[in-house]
Structure formats: structure tokens, C-alpha cells
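What follows is one structure encoded as C-alpha cells, with my remarks underneath.
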Amino acid sequence: SDQRVYNFSAGPSMLPVSALERAGSEITNYRGTGMSVMEMSHRSKAFVQIFEETQAKLRRLMDVPEGYKILFLQTGASGQFSMVPLNLIGKTGKADYAVTGNFSNLAYKEAKKYGQINLAASSEDKDHSYIPTQDQLTLDKDASYFYYCANNTIYGTEWGYVPETGDVPLVCDMSSDILSMPVDVSKYGIIFAGAQKNLAPAGLTVVIIREDLAGHELPYTPLMMNYQTMIDKDSMYNTPPCWCIYMLGLNLDWVEAQGGAQAMEQRKWQRANMLYDTLDSSKLFRCHAQKGSRSGMNVTFRTGDAELDAKFVAEATQAGFVNLKGHRKVGGMRASIYNAMPIEGVEKLCDFIKKFDKEN
Ligand code: PMP
């Protein structure tokens, strides 16, 4: 593990070394079963135990109340862009969407197939560099749900508050900030996340759903996209993503040993503030996100000169800081600093930024 790089990828991204090493040590023979978790029946005793323990760990770490089900699904976070409207919009035929970046926009466009969608807010006027305030939300009392994306992976903005929508249930895409802070799950109808950033390898989608929201799907909802199917079968209607669930469990062991969601939040802002302070006090770099809307997970920045940006990325790669190139929609650089990114990785990146700033 001493040859590992600091990987600032937006996802799939870094996992804790302890989880990787544990998986490595169990790769050919999981606890005396004589087989790898990859080779196990999902109905086997050993796997069912992994499954149940992993669910219980997540419930504990996110403090998921009774009345909520934790589902382990597939088709990525993007699958939820369809699954949410298919299952929820039937109540009134209408839903509110806040579009604050790429993925909420995709969700918004997908939802339009299934009902009347109100654009409750949009930050497109300023290239998604900010999060609208509560006052700026145009809410419909008759909406079946209010949809937003808590952390905008590409633009590097994060909702600093939970929208207040009265009786309208909140549906939240937490793909890029789940478990980076304590969350009051009881405020939400549905929380979902693609696992490949803060939770596990790609291939698993975690859904936390208030159970009464299921069972009202549109009649043509595919069986596999029906929350009720998955609730009834405890995510085992078909073969679940077994390996990813196992890896999630190992990652959650690490989160728990570090002190849980509170510790993750403390480190998140320790890392992010260090990086924002360094960028703000540099002469070359500017952050994309406005102060007050900045993400603690994805830090977007640029010099304003594409050639200089490319030079920065190339030299950073050489120095062992990889995947810093920004998404093409924003350009410049992006440092994704999820839970598993050590503080030290960001400290060293800040030193590198300061050096580059001086030399260029
Ligand atoms: N939502 C957010 C916030 C994301 O960052 C991503 C992926 N980067 C997605 C949704 C899409 O996830 P998936 O690739 O799992 O469909």
C-alpha cells in the first residue's frame, strides 16, 4: 500500500486501505467457507449473514428510523431517476424538481415522461455555481414529492440546508455525500446513492425509503423497478450485487471505527476548508462554486487558462495526485475528497498547489 497514489477521482473513488486489505485477505477463502464471497450463493448462510449485518451497520451509522427500509439495488443512481417518478408520481401526477447540476437535470428530464414536473428552482443562470435558498424555491403543495441532489459532483456545490416542503416528501440524491455527515433520515421520503463514491465499489445503489411511499406505482412500472417488489423480498427478488454489499460492509466497519458520521463530517470540512483556503489565497486559482454553496466533497477550481490548467494536472499526476482533471462541463480541475481520502492527502495537495502557484 505504500505505492498507492492520492486518487481524487469523482467516482469510483478511493476506499479505505483497511477495507481493501481485509477483502484481500479473504479473497479466496471467506472465513473457512472455502470460497470467495464472489463465488457464494446469495441464499447461502454466509452471504445472508453478510447481507443482514451490512444492512444493520448502515441503519446504525445513518440512524435510520423504524418505518424505513434499506434496499440494495442495481442500475446505478441513474436508475433512480426513473424509479422515483414511476413509484411516487401517481399520487397527484405532479412533482417538484430543483435543478442544481448535471444529475438533477437528468432526473428532471427523465421524470417529465411520467407526469407534470415543476421546476422548483434552477441554478443554470450562473452555471450551477450556487444553491438556491429556501426563499427561492417555488413549491407546489400538490406535488407528490420534492426532488433535489444534495451534492453536485460535477459543479462542486452542496445544499447547506434541508429544504422545507411541508407535507410533500423529500426525495434526495445523496450519491456524492452520503455518510459524510449525520442526516436526519426522518425528514426524507427517499434517500438514494450510487455506492461508488462514499460507500463501496460501483454496481450497488443504496435506497432508504419510507415504507408507506411504496405500493403506489404506475401500472406499467417494470417489476424490477417497483420498490414494493424489493421491499417484499428484502432486495433479494433476484441476485443482488453480492460483492459490492460485502465491500460496503467492510467500508462501514472502517467508518464506524473512525467515529461514524460525526467524525466523517468533521474530517470532511477539515479537508475541504484547507483546500478552499489554499485556493482562495493563491494568485492563480479561482473556485467555481460560490462561497456558502461550496461542496465539502468535490472542490472545483481553475486558473482561467486552459493550458495552465493542463500543466497543473500533468505535474500533479507526476507528483502522485491523480484524477484532478475537471469534468468537461466545468473545465479546470476537480478534487474529489470523499470519506476515504486521508487528511494527509489534502495537506500534500495544498503544498503542491502553493508550490505551483509560486512557480507559475
Ligand atoms: N447522482 C450523482 C450526484 C452522481 O454524482 C452520479 C454519478 N457521478 C450519479 C447520480 C449517477 O450515478 P450512476 O453512475 O450510479 O448512475
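Taken together, the values in this text are just the output of simple stated rules run on the coordinates, not laboratory data. It should be emphasised that the depicted structure is a prediction, and the values quoted were computed from it without experimental measurement. When we count neighbours, we look across all protein chains shown, and the Cβ atoms used for this are built from the backbone with ideal geometry, even at glycine.
Using a/c under 1.5 as the rounded threshold, could you call segment 260-359 rounded, prolate or oblate? The axes a ≥ b ≥ c are square roots of the C-alpha gyration tensor eigenvalues, and prolate needs a/b larger than b/c, oblate otherwise. Working shown, then result.
On the way: a/c = 1.69, a/b = 1.46, b/c = 1.16.
Prolate shape, in that a/c is at least 1.5 and a/b is the bigger ratio.
With +1 assigned to the C-beta of every Lys and Arg and -1 to the C-beta of every Asp and Glu, and no other charges, what is the dipole magnitude of the chain about the Cα centre in debye, to the nearest 20? Could the numbers behind the result be given before it?
Values: 37 positive and 41 negative charges, 111 e Å.
About 540 debye.
By the gyration tensor of its Cα atoms, with a ≥ b ≥ c the square roots of the eigenvalues, what is the shape of segment 18-256: rounded for a/c under 1.5, prolate for a/b over b/c, or oblate?
Cα axes put segment 18-256 in the prolate bin.
Looking at segment 9-75, which trypsin sites (Lys or Arg not before Pro) are in a loop (DSSP not H, G, I, E or B) and have at most 10 other Cβ atoms within 10 Å?
Working: sites: 22, 31, 43, 45, 57, 59, 60, 69; in loops: 31, 43.
Passing both the DSSP loop test and the Cβ count: 31, 43.
What relative contact order, as a whole-number percentage, does segment 18-256 give when Cα pairs under 8 Å and 6 or more residues apart are counted? Intermediate results must be reported in sequence, preceding the final value.
On the way: 434 pairs, mean separation 64.2, N = 239.
Relative contact order, segment 18-256: 27 percent.
If the cut-off is a Cα-Cα distance under 18 Å, which lysines reach residue 94, setting aside same-chain residues fewer than 8 apart in sequence?
109, 112, 113, 141
Let me make sure I get this right: for segment 1-82, a, b and c are the square roots of the gyration tensor eigenvalues over alpha carbons, sorted descending. Under 1.5 in a/c it's rounded, otherwise prolate if a/b > b/c, else oblate. Which is it?
Numbers: a/c = 1.72, a/b = 1.09, b/c = 1.58.
Oblate shape, in that a/c is at least 1.5 and b/c is the bigger or equal ratio.
So if I place +1 on the C-beta of Lys and Arg and -1 on the C-beta of Asp and Glu, and nothing else carries charge, what would the dipole magnitude of segment 53-205 be about its Cα centre? I want it in debye, nearest 20. Please list the in-between numbers first.
On the way: 13 positive and 17 negative charges, 103 e Å.
With Lys and Arg at +1 and Asp and Glu at -1, about 500 debye.
So if R0 is 35 Å, what FRET efficiency would residue 220 and residue 141 give, r being the distance between their Cβ atoms, rounded to the nearest 0.05?
Numbers: r = 27 Å, r/R0 = 0.78.
Once rounded, the FRET efficiency stands at 0.80.
Restricting to lysine pairs 8 or more places apart or on different chains, what number in segment 260-359 have Cα atoms under 22 Å apart?
Close lysine pairs found across segment 260-359: 25.
Nearest 5 percent is fine: what portion of the DSSP beta bridges confined to the chain is antiparallel?
Percentage antiparallel, nearest 5: 55.
Given only helices, namely DSSP H runs of n ≥ 4 each adding -39500 (n - 2.57), what is the per-residue ellipticity at 222 nm of the chain, to the nearest 500 deg cm²/dmol? Intermediate results must be reported in sequence, preceding the final value.
On the way: 9 runs with 123 residues, N = 360.
The helix contribution divided over the chain gives -11000 deg cm²/dmol.
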